[in-house]
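J.: One structure follows; several queries about it will come next.
Every read-out reported here was derived from the displayed coordinates using simple, explicitly stated rules and does not represent laboratory data. These numbers were taken from a predicted model, which means no experiment stands behind them. Using ideal geometry, Cβ is built from the backbone for each residue, glycine included, and neighbour counts are taken over all protein chains shown.
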Amino acid sequence: MTAAPLCLLVACAGTPLPTAELAVAAAALAHAEAAGSAQAAPAQTAQAREKLRLARVAAADGDALRAQRLAQQGELDALLAESLTDTAKARQAVLDTQAANAALREEMARQRP
Amino acid sequence: MQTPRSTPHARGLPAARAQAVAVPRAAHLGRTGLVWGALALAALVACSTPPTPHPRLAAAQDDWRQLQAAVPPAATVAPAGPEWREAEVALARATAAEAAAADPDELEHLATLAQQRVALARSALTRRVAEADVAQAQQTRDQLRLAARTAEADRAQRQAQTAQRETSQAQREAQAAQRDTQAALRSADRAQRQASQAEGRAERLAEDWKALNARQTERGMVLTIGDVLFDSNHAELKPGPARSIDKLAVYLKAHPQHHALIEGFTDSQGSEAANQALSARRASAVMDWLVGQGVAADRLGARGYGEAFPLAGNDSAGGRQMNRRVEIVLSEDSRPVAPR
């Protein structure tokens, strides 16, 4: 197990600050929140927000690798929050349409002589 | 730079790790031309690591297996989307990292990413199922609306047909009532006309008989024509104005149902046989004349009775004149008159 510390050393020395990853994660979070993820998927939204904050802290500390990992995880949390939001909307649409159909059926049954 | 995404940037010793991480990807892509030395190194490192599974990665792999089992078998939705492939790739990377005994932080990071990718795939599958359900429910809704509209139209048509049937029924009844009324009116009219016609016929008949100076007897109406028609001892009709016989011809033609028997009579002067013959000839002369006027012969009959059936005594000139005569008996119905 001598490879891991060596790797870490090399990575820290040669990794530039993940400016692009941070921007992508921030954009994903903004997109998710615009879709209403704070209400539909509050846990994932909060986690994405927290990871992005920690990624910025790490970047400010000069820990590029940690910043990159947190940014990538934060991006996926944001994507998951938005996906869960969309899925919740789709499930609601199923319920709404089925309820409308039930009402329509009831109406027809009442009108039938 | 240890993530597979940045593999091209790996240099020196980390290259071995990078290659090791790349093994599943390469296998996944079907590429086999890898550096065998790197593989051997990776295997060596793996073998030297105690086989304690990474808890987060194990959780991610478990999630993934559960998700595979959750895919509807009927394949109403295609589970494999971009999320599915991303999850497969992320899991492969983390598994390879574990096999290569990667740096714990890196392995923790890759396991976290794999877990998130699996969660994304799960959400995507759930969403696709929901979208398919929505599409089906909308299709059902369209069918229901169509059925509702059809039922509505059918109902309206039935109502219209019922109304029309009732209207036509009422019209037919009204027409029938009108026809009945008209028929009754016509019937009454006809009865009245027939009554008035019968009355008129009876009146005309009575007038005609009066004009003929006929008298009613048991045998029928009898018209007596005196000796003015013939010269003495002759049987030829004499011409003359306003004769009763002319009126008789008109009457017989106007009433074709009546029959007539013409009877000739004489006084008692001369021989009985001669008188009989003379009276017969005179009756026949009258009958021939009537036939000549257009009266059918089968309605007529002629007989001579000579001196028989005198109306008065033959001992005076006045009596003898009354006995010289022709009598015409008219039937009241369509049967011939019986002779005396």
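J.: What average count of beta carbons from other chains do you get within 10 Å of the Cβ of residues in B:125-136?
T.: The per-residue average across the peptide is 5.
J.: Return the Rg/Rh ratio of segment B:145-246 with Cα-based radii and a Kirkwood Rh. Write out the running numbers ahead of the final one.
T.: Details: Rg = 36.2 Å, Rh = 21.4 Å.
Taking Rg over the Kirkwood Rh, I get 1.69.
J.: Which net charge results for the neighbourhood of residue B:276, defined as the other residues with beta-carbon distances under 14 angstrom from its beta-carbon, given Lys and Arg at +1 and Asp and Glu at -1?
T.: Net charge in that neighbourhood comes out at +1.
J.: Ok, one more. For segment B:185-239, what does the equivalent ellipsoid look like in terms of its semi-axes, each the square root of 5 times an eigenvalue of the Cα gyration tensor, given largest first in whole Å?
T.: 40, 12, 8
J.: Would you kindly compute the Cα radius of gyration of segment B:286-329 and its largest Cα-Cα separation (Dmax), both in Å?
T.: Radius of gyration, then largest Cα-Cα span, for segment B:286-329: 13.8, 40 Å.
J.: Further question: For segment B:96-176, restrict the atom set to alpha-carbon positions and state the Rg and Dmax in Å.
T.: 33.4, 108
J.: Follow-up question, since we're still on this one. Express the relative contact order of chain A as a whole percentage, based on alpha carbon pairs under 8 Å and six or more residues apart in sequence.
T.: 31
J.: Over 5 Å intervals from 0, what percent of Cα-Cα pairs in segment A:58-113 sits in each interval?
T.: 4, 16, 10, 11, 9, 8, 8, 6, 7, 5, 4, 4, 3, 2, 1, 0
J.: Could you give me D for segment B:261-340, from Stokes-Einstein at 10 °C and 1.306 mPa s, where the hydrodynamic radius is the Kirkwood radius over C-alpha pairs? Units µm² s⁻¹, please.
T.: This corresponds to a translational diffusion coefficient of 121 µm²/s.
J.: Another question, then. On the principal axes of its Cα set, how long, how wide and how thick is chain A? Give whole Å, largest value first.
T.: The principal-axis extents, from largest down, are 84, 31, 19 Å.
J.: Can you work out the FRET efficiency for the pair residue B:237 and residue B:193, with r the C-beta to C-beta distance and R0 = 41 Å, to the nearest 0.05?
T.: Once rounded, the FRET efficiency stands at 0.50.
J.: Hey, what does the equivalent ellipsoid look like for segment B:186-275, semi-axes from the Cα gyration tensor as sqrt of 5 times each eigenvalue, largest first, whole Å? Could the numbers behind the result be given before it?
T.: Details: eigenvalues 283, 39, 20 Å².
For segment B:186-275, the ellipsoid semi-axes come out as 38, 14, 10 Å.
J.: How far apart, in nm, are the 7 Å Cα→Cβ label points at residue A:95 and residue B:138?
T.: It is 2.0 nm.
J.: Give the calculated FRET efficiency between residue A:34 and residue B:160 to the nearest 0.05, with a Förster radius of 41 Å applied to their Cβ-Cβ distance.
T.: Values: r = 55 Å, r/R0 = 1.34.
Rounded to the nearest 0.05, the efficiency is 0.15.
J.: Can you spot the lysines whose alpha carbon is less than 24 Å from residue B:253's alpha carbon? Ignore those fewer than 8 places along the same chain.
T.: Those lysines meeting the cut-off are B:210, B:238.
J.: Let me ask you something else. Would you mind computing the Rg to Rh ratio of segment A:11-74 from its alpha-carbon coordinates, Kirkwood style for Rh?
T.: Value, to two decimals: 1.04.
J.: Which aspartates and glutamates, on any chain, are close to residue A:89 with Cα under 18 Å apart, when same-chain ones fewer than 8 places away are left out?
T.: A:33, B:131, B:133
J.: Ok, one more. Tell me, what HN-Hα J-couplings in whole Hz come from the Karplus equation 6.51 cos²θ - 1.76 cosθ + 1.60 at θ = phi - 60° for each residue of segment B:256-262, using x for Gly and Pro?
T.: Running phi through 6.51 cos²θ - 1.76 cosθ + 1.60 with θ = phi - 60° gives x, 7, 7, 9, 9, 10, 9 Hz.
J.: Apply the Debye scattering formula to segment B:194-336, with a single equal point scatterer on each alpha-carbon and no solvent, then give log10 I(q)/I(0) at q = 0.13, 0.14 Å⁻¹.
T.: Relative scattering, expressed as log10 I(q)/I(0), comes to -0.57, -0.65.
J.: Just flag the GluC sites (Glu not before Pro) in segment B:167-235 sitting in loop per DSSP whose Cβ has no more than 13 other Cβ atoms within 10 Å.
T.: Hits after loop and neighbour filter: B:218.
J.: Still on this structure, I have one more. To make sure I understand, if each residue's beta carbon is the centre and we count other beta carbons within 10 Å, what order do A:87, A:97 fall in, fewest to most?
T.: Ordered by Cβ neighbours within 10 Å, fewest first: A:97, A:87.
J.: Tell me, what is the FRET efficiency for residue B:167 and residue A:24 to the nearest 0.05, using R0 = 56 angstrom and their Cβ-Cβ distance as r?
T.: 0.15
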